[in-house]
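Trainee: Structure in structure tokens, see below.
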């Protein structure tokens with residue numbers, strides 16, 4: 001068992017090898033670089049996207065030798081407003097514990113999310129968690145664009161109604177929410193998927209078609225599972241855990257030995273524990289209060 005899989009490692013941050021947090025930091029720093037340029041503000045780095053797609057965030061510099069300050073945060077926020085992008089910051093609390101209180105002191109809202117790593121020995125087969133069919137969007141297939149459009153629609157509806165409770169928003173709302181990707185977005189998605197850097201999973205049922213989705217992002221031997229969402233009408237059926245397990249298996253199959261995710265809260269973390277993930281720390285996401293309303 002690789003140390004990246006946390007086999008035999010306790011569940012608290014104090015028992016996690018420091019190399020695990022080091023590898024996560026290197027991953028977070030590497031993911032945006034193919035599609036962005038960097039701007040440095042003291043102990044922080046802001047990733048500025050060069051082309052189409054969701055804007056990136058700011059985070060502590062990988063090569064930092066001084067801790068980020070309130071002045072650094074203020075300078076980044078000013079630059080983010082100039083660029084017209086969200087005032088967003090992400091970091092691992094165990095690697096930069098001072099930043100949480102500093103962010104709050106300057107008026108940012110900080111989400112403390114469970115940071116979870118896969119224990120290889122506990123990874124179940126997705127079919128043990130849900131009867132839905134799970135497939136991966138194939139960049140070589142003509143339906144790739146349709147798959148991504150439906151995946152984004154599911155994510156939009158799922159995240160708009162956060163949590164795990166069953167609610168309104170099913171297949172009809174999904175179909176009404178689907179938007180075609182721009183040529184630039186589709187080209188970026190196709191290129192990234194073709195080289196193995198991004199995998200989109202879709203769970204579907206005979207009655208309702210695509211009902212849940214999630215994405216695997218990989219850099220070398222580290223992979224993050226992100227964006228898991230289920231249509232509100234299809235919740236409480238094991239879909240989120242099944243998507244996580246399917247993507248974790250895909251990550252291991254393509255060479256990752258450290259697979260992790262950040263849950264939106266303790267209730268959602270319980271879902272991922274069923275897929276073999278265990279909490280090792282806290283991922284912090286800070287935003288301006290107005291962005292959370």
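The values are calculated or read from the model by the stated rules, or taken from the named source; none is laboratory data. For clarity, every value in this text was computed on a predicted model and none was experimentally measured. Neighbour counts run over all protein chains shown; Cβ positions are idealised from the backbone, glycine included.
Trainee: Being farther than 22 Å from residue 229 by Cβ and crowded, with 18+ Cβ neighbours inside 10 Å: is that true of residue 281 here?
Mentor: Numbers: farther than 22 Å from residue 229 by Cβ: yes; crowded, with 18+ Cβ neighbours inside 10 Å: yes.
Here the answer is yes, as residue 281 does meet what is asked.
Trainee: Among the residues of segment 123-133, count how many are buried (at least 19 other Cβ atoms within 10 Å of the Cβ) and either in a loop (DSSP other than H, G, I, E, B) or out of contact with any strand residue (DSSP E or B) (no Cβ under 9 Å at 6 or more places or on another chain) (or both).
Mentor: The total comes to 3.
Trainee: Name the residue, out of 245, 223, 229, 203, that is part of a strand (DSSP E or B), over 27 Å from residue 56 (Cβ atoms) and touching a helix residue (DSSP H, G or I) at 6+ places or on another chain (Cβ under 8 Å). Explain how you work it out, then say what you get.
Mentor: Numbers: 245 fails: part of a strand (DSSP E or B); 223 fails: over 27 Å from residue 56 (Cβ atoms); 229 fails: over 27 Å from residue 56 (Cβ atoms).
Exactly one residue qualifies, and that residue is 203.
Trainee: What's the number of the only condition in (1) without any contact (Cβ under 8 Å) to a residue 12 or more places away in the chain; (2) within 19 Å of the chain's Cα centre (by Cα); (3) under 23 Å from residue 269 (Cβ atoms) that residue 54 fails to meet?
Mentor: Every listed condition holds for residue 54 apart from (3).
Trainee: Quickly run through segment 150-175 and pick out the residues that are in contact with a helix residue (DSSP H, G or I) (Cβ under 9 Å, 6 or more places away or on another chain), within 30 Å of residue 35 (Cα to Cα) and in contact (Cβ under 8 Å) with a residue 12 or more places away in the chain.
Mentor: Going through segment 150-175, the residues in contact with a helix residue (DSSP H, G or I) (Cβ under 9 Å, 6 or more places away or on another chain) turn out to be 150, 152-154, 156-158, 160-171, 173-175.
From what's left, within 30 Å of residue 35 (Cα to Cα): 150, 152-154, 156-158, 160-162, 174-175.
150, 152, 153, 154, 156, 157, 158, 161, 162, 174, 175 - these are the residues of segment 150-175 that are in contact with a helix residue (DSSP H, G or I) (Cβ under 9 Å, 6 or more places away or on another chain), within 30 Å of residue 35 (Cα to Cα) and in contact (Cβ under 8 Å) with a residue 12 or more places away in the chain.
Trainee: Hey, does segment 134-145 have a residue that's crowded, with 21+ Cβ neighbours inside 10 Å and under 25 Å from residue 230 (Cα atoms)?
Mentor: Taking every residue of segment 134-145 in turn, at least one turns out to be crowded, with 21+ Cβ neighbours inside 10 Å and under 25 Å from residue 230 (Cα atoms).
Trainee: Go through (1) crowded, with 19+ Cβ neighbours inside 10 Å; (2) out of contact with any helix residue (DSSP H, G or I) (no Cβ under 6 Å at 6 or more places or on another chain); (3) within 24 Å of residue 25 (Cβ to Cβ) and name the single condition residue 91 misses.
Mentor: (2)
Trainee: I would also like to ask the following. Please go through segment 63-88 and pick out each residue that is exposed (fewer than 13 other Cβ atoms within 10 Å of the Cβ) and part of a loop (DSSP other than H, G, I, E, B).
Mentor: Of everything in segment 63-88, those that are exposed (fewer than 13 other Cβ atoms within 10 Å of the Cβ) and part of a loop (DSSP other than H, G, I, E, B) turn out to be 63, 65, 66, 84.
Trainee: Look at segment 38-52 and say how many of its residues are in a strand (DSSP E or B) and at pLDDT below 95.
Mentor: 1
Trainee: Show the residue pairs meeting these rules: Cβ distance below 8 Å; 6+ apart or different chains; first residue within segment 205-229 and within 17 Å of residue 160 (Cβ to Cβ) and outside the structural domain of residue 271 (by TED's automatic domain parsing); second residue assigned to a strand (DSSP E or B) and modelled with pLDDT under 95.
Mentor: Every condition considered, no pair remains.
Trainee: Filter segment 249-268 down to the residues that are touching a residue at least 24 places away in the same chain (Cβ under 8 Å) and assigned to a helix (DSSP H, G or I) and list them by number.
Mentor: 249, 250, 251, 252, 266, 267, 268
Trainee: Confirm whether residue 102 is within 16 Å of residue 251 (Cβ to Cβ), surrounded by 15 or more Cβ atoms within 10 Å (Cβ to Cβ) and modelled with pLDDT of 95 or more.
Mentor: no
Trainee: Do the conditions hold for residue 104, that is, is it in contact with a strand residue (DSSP E or B) (Cβ under 8 Å, 6 or more places away or on another chain) and part of a helix (DSSP H, G or I)?
Mentor: Yes, satisfied.
Trainee: Then there's this: Please enumerate the residues belonging to segment 269-293 that are part of a helix (DSSP H, G or I), in contact with a strand residue (DSSP E or B) (Cβ under 7 Å, 6 or more places away or on another chain) and over 21 Å from residue 199 (Cβ atoms).
Mentor: 269, 289, 292
Trainee: Taking residue 110 as meeting all but one of (1) outside the structural domain of residue 94 (by TED's automatic domain parsing); (2) touching a residue at least 12 places away in the same chain (Cβ under 8 Å), write down the number of the exception.
Mentor: Here residue 110 meets the rest and fails (1).
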